[in-house]
1. Which cross-chain or sequence-distant (5 or more) residues have an amide H under 5 Å from the amide H of B:Leu607, H modelled 1.01 Å from N in plane?
2. Mind listing the long-range amide H neighbours of B:Ser384? Cut-off is under 5 Å, sequence gap 5 or more, other chains count too, H placed in the peptide plane at 1.01 Å from N.
3. Spin-label point model (7 Å from Cα, Cβ direction): what's the B:Lys125 to B:Gln40 distance in nm?
4. For B:Asp134, what accessible area in Å² do you get when you roll a 1.4 Å probe over the heavy atoms of the protein chains, rounding to the nearest 10?
5. Would you list which aspartates and glutamates come within 13 Å of B:Lys818, measuring only between C-alpha atoms, while excluding same-chain residues fewer than 8 positions from it?
6. Output ³J(HN,Hα) for the stretch B:173-187: one whole-Hz value per residue in order, computed from phi by the Karplus curve 6.51 cos²θ - 1.76 cosθ + 1.60 with θ = phi - 60°, and x for Gly and Pro.
7. For B:His390, what accessible area in Å² do you get when you roll a 1.4 Å probe over the heavy atoms of the protein chains, rounding to the nearest 10?
8. Compute the long axis of helix B:391-404 from its Cα atoms, compare it with the longest principal axis of the Cα atoms of chain B, and write down the angle in degrees, 0 to 90, nearest 10.
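The values are calculated or read from the model by the stated rules, or taken from the named source; none is laboratory data. Predicted model only: the values in this text are computed from it and were never measured. Note: ideal-geometry Cβ built from the backbone for every residue, glycine included; neighbour counts use all protein chains shown. These area figures cover heavy atoms from the full protein model, side chains too; ligands, DNA and RNA do not enter into them. Shrake-Rupley method; radii C 1.70, N 1.55, O 1.52, S 1.80 Å.
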Amino acid sequence: MAEARTIEQAVEFITTEMLDELDSVIVDYRGTPGSLIPLLQRAQEICGYLPAEIQRRVADGLEISPSMVYGVVSFYSFFTMKPRGKHVVRVCLGTACYVKRSDEIMQNLSKELKIAVGEVTGDKKFSLEGVRCLGACGLAPVAVVGEDTYGLLDPVTATDILKNY
Amino acid sequence: MIRLTVDDREVLVEAGTTILEAAATSGIRIPTLCYHEKLQPFGACRICVVEVEQMKGRLIPSCSTPVTEGMVVRTRTEQILKARRTVLELLLIHHPLDCPICDKGGECQLQDLVYEFGITQNRFKDQKSNHPIDYVSPLVERNTNRCVLCGMCVRVCDEVVGASELSMVNRGIRTKITTDFDRPLDCEFCGECENICPVGALTNRQFKFKARAWEMQTISTVCSFCSTGCAIKLCVKNGQIARAVGEPEGGANRGSLCIKGRFGYEYVMSPERIKRPLVRRNGKLEEATWEEALQTAARGFKAIKEKDGPEAIAGFCSARLTNEEAYLFQKLLRTAMGTNNVDNSGGYAHRGYSPGLRESLGVSPAVPSVEDLRSSDAFLVIRSNVSETHPVVGYQVTAAVKQNDARLIVADPRRVKLSRLASVHLSHRPGTEIAILNGLARVILDEGLEDREFLAGSTEGLQGLKKSLEKYTPAFVEQATGIAGADLKQAARLFASGEKGVIIISAGMGFGGDDAALARCAANLAQITGNAGKPGAGVLFLGEKNNSHGVVDMGAEPDRLPGGQRIADDAVRQRFEKAWGAALSSKPGRAAEEILSGAEQGSIKALYCVGENPLQTYPDSRRTKKALGNIAFLVVQDLFLTPTAQMAQVVFPVTSFAEKEGTYTNCEHRIQRLRKALPPYGETKSDGEIICAVAKALGTDIGPPAPEKVMAEIAGLVPRYREVTYDKIPVKGIMLDGAGKNGNEQGKSEALPPRAQLIPVDFVAPPAPTAEYPYVLLTGPLLFHSGSLSPRSKGICVVCPEAFVEIGHKDARALDIKNGDTVAVTSAKGSITIGVRVTAKQNPGSVFIPYHFAQPPVHELTDGSQPQVVVKIEKRTP
Ligand code: SF4
Ligand code: SF4
Ligand code: SF4
Ligand code: FES
Ligand code: FES
């Protein structure tokens, strides 16, 4: 059942163009030892995330078992099995940021975007995630949108950063 | 050699040995939780830590650290014991400690270690782990809460079984063992993971709440399915088999099993078994006493012998009989009945294979042992889906490839499990194996990759062979088989580059083709590459059933007496006449095929069918039915009232493998003993007892059925069994020929004849698809089943209940067929209706139907005189 649902989601978020591109990429990696992680990275670049259907496709393509693929995907934090928006909003929940009320920033962003942590907005523009210390504690509290870092945020006005996108 | 001291004892071991193994050689036990001799070291649990003087300041995992010269190792200091206790305490934080209801209780390594180290309380506390338990997967129950993350299940499934069904997922404290997205298992259901799990995280569902480990009586015997001959332990409680486990001492399997060996024994306890003899009265089969049944059988055979002569009588025996029973059976036919019309199912399935190999490599060709396969470095697997027909042999190939980087070439028209691991997969047109083997031989000779020394010193016929190979250019082979020249060349180079190459071929009703020719071809290739007569190299031919090899050795063949000795040879025959005190006919008898055609034409009038069910398992079942219908007097001996038994005049009920004694000879020519685990079911008797009783009723004494007596007689008459003493056969069995003496598994070069023969073989194209019948039908075995016996086992049928036809994606699209649709499959012989599985395994142009099931009868489609048939497919469901 769980699988059926993810595939439905996949249909929603993953286009046939993406699948075609993925298939052609898989061919390049086939037969090369150690190709699973780089291929999964490419797959995530193409599809945005790695749901069951994409993992199966990679497994079939490399003729390895889907369990092995899942083991790797679930081990590395840079892989995600949930769909992501065009812009990923990450709020630091590390200690330094937390004491500076980054949890409130998270709540406000969640309210503003009308999604819970880990979800994607209906227009697929934003998704919201919590992260561990980003190594910028001097700027705490910190949030990141895509590649852009925003520091010294005020919990109340933090939602303004979304306006840049 | 490396010298070290372990707990003040001096130890001398080979380089590359680990500390753990070195300690074991001097009897020092170090506890482990994640180490297994079959797997590569993992070093995860840290219970095996030791101190090494040269590596002061830290504790060293002994399972994954190799010894070095002069090492001083201590295994039980106070510090080590403290560390081990801490490891156990950490493991117990999340563990539920539900031992009273855990099926591993009493044989759980965690329980034992906690007991050993006297852990009575835990310094650490946290919530108990609370993962959902998988009660959905068949045969294996998964309760990750009890898991100690030793990773052995994941590794055995990957490194040995080759299924890679399980994985360690997530990371850190959330790590657990599961499948992708926590789905239920969809795998081979071999149970190897459950068996290796040191705790109760993976358990055997068939065994659930059946018994505690210490309540069972354990009997070492042999699996009753394929010719790998895995040794199994039947664990019995209250007269019922509670479970089967692999026997670690087993010579071929070293404790491994496949689904059939582990879960397939249930047919033994099936309520459908026949309990009492049956005799046909007024057209109906009715229960009778043994006396009445035996007399009826004797009267029937006698009447036909007197009226139509002994040549009108024939016997089929199953390749599941023990050696002793097969021997008694042919002796009965040849002496009491006076005919050589005796054959075994193997005769039908792979007739010619043994003669083929004999001609090339001598009477008892040296075969690589199953155990040695792990040390082989090149495999050619051809006309053999070995992972399904002989799964434990498949494990050895998988382990050789995964653990030792052996080269693997798979020639198979379908995408099979091993083709995923292969360096080269030759996906050829069905039935063209001989062209491939010839093509490979030619490339090797052309490129000068042959073993010249071996060819010159040990073989004959190279010039003739070279000449015959002239036409097998890569271009010709490509045209005949569909294999691209480049792939053929790559395969040839790869195989020739191995030091120890093995060619694996399986037999079974589903593999059509001329076996003698294929055998010779394989023998040619083995000789050209020098892969004959050395350990871990040669041709490994895998008979379908547990005693396929034994029944041939025992003379259940029309033209050969026990030991492959020709009946037409006067000296041989006289020796047997003297031993048996009876005159023997010098005329070779009829083979299975000829017996059926004789029945069809009316020259065979009586048939004694022991353990065989031709109606279901032989090709062209309509014709078989007609032939059997013509037989005036049919006697069947079986566990079940099979379709063939239903046609009989007399049916004798037999005991199963678990209820009797005797020996089997497996594919590597290892002879092993059955040991009785259960009393006979109902009034059943063993095949041997019945055969002797029939002889007696006919007024002939063929000796007592006791296996030790029969084996003594066999040892006196069959050269390769001469050293076998029944009572002395150990659990690991004895290798026949040369190596038999100390049971060592090394190669048997003395079995090679002075000169092996290179015999040219020409390729004959198989029947090609036509416009009317556009698909080639492949029939064959499935991993989950063996012969027609396993469908009687409940557990196996949960996993694989029914027959289907496999059709490739492309053909399915063209036919507008989806998974689960019903189709009619029709050949020139007949037509059946069957469900469809659309699969990537199948190439366009051919379809596959497994042959284990009574319904639908796939042999309505096949043709006894053709290696394969062509069919058409029509969609039935809307
Ligand atoms: S039953 Fe066999 S194939 Fe299935 S997960 Fe366990 S080891 Fe792997
Ligand atoms: S399930 Fe068993 S074998 Fe597998 S990791 Fe856990 S404890 Fe080890
Ligand atoms: S069926 Fe064959 S491989 Fe499987 S356990 Fe039995 S003997 Fe071994
Ligand atoms: S805690 Fe947020 S950046 Fe370090
Ligand atoms: S047995 Fe050595 S680390 Fe587990």
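1. Close amide H contacts, sequence-distant or interchain: B:Ala314, B:Phe633, B:Leu634, B:Val635.
2. Correct list: B:Ser506.
3. 4.3 nm
4. Around 20 Å² of this residue is reachable by solvent.
5. B:Glu806, B:Glu874
6. Per residue, the Karplus-derived 3J(HN,Hα) values read 5, 8, 4, 8, 9, 6, 9, 5, 6, 6, 6, x, 5, 9, 9 Hz.
7. 0 Å²
8. Helix B:391-404 and the main axis of chain B meet at about 40 degrees.
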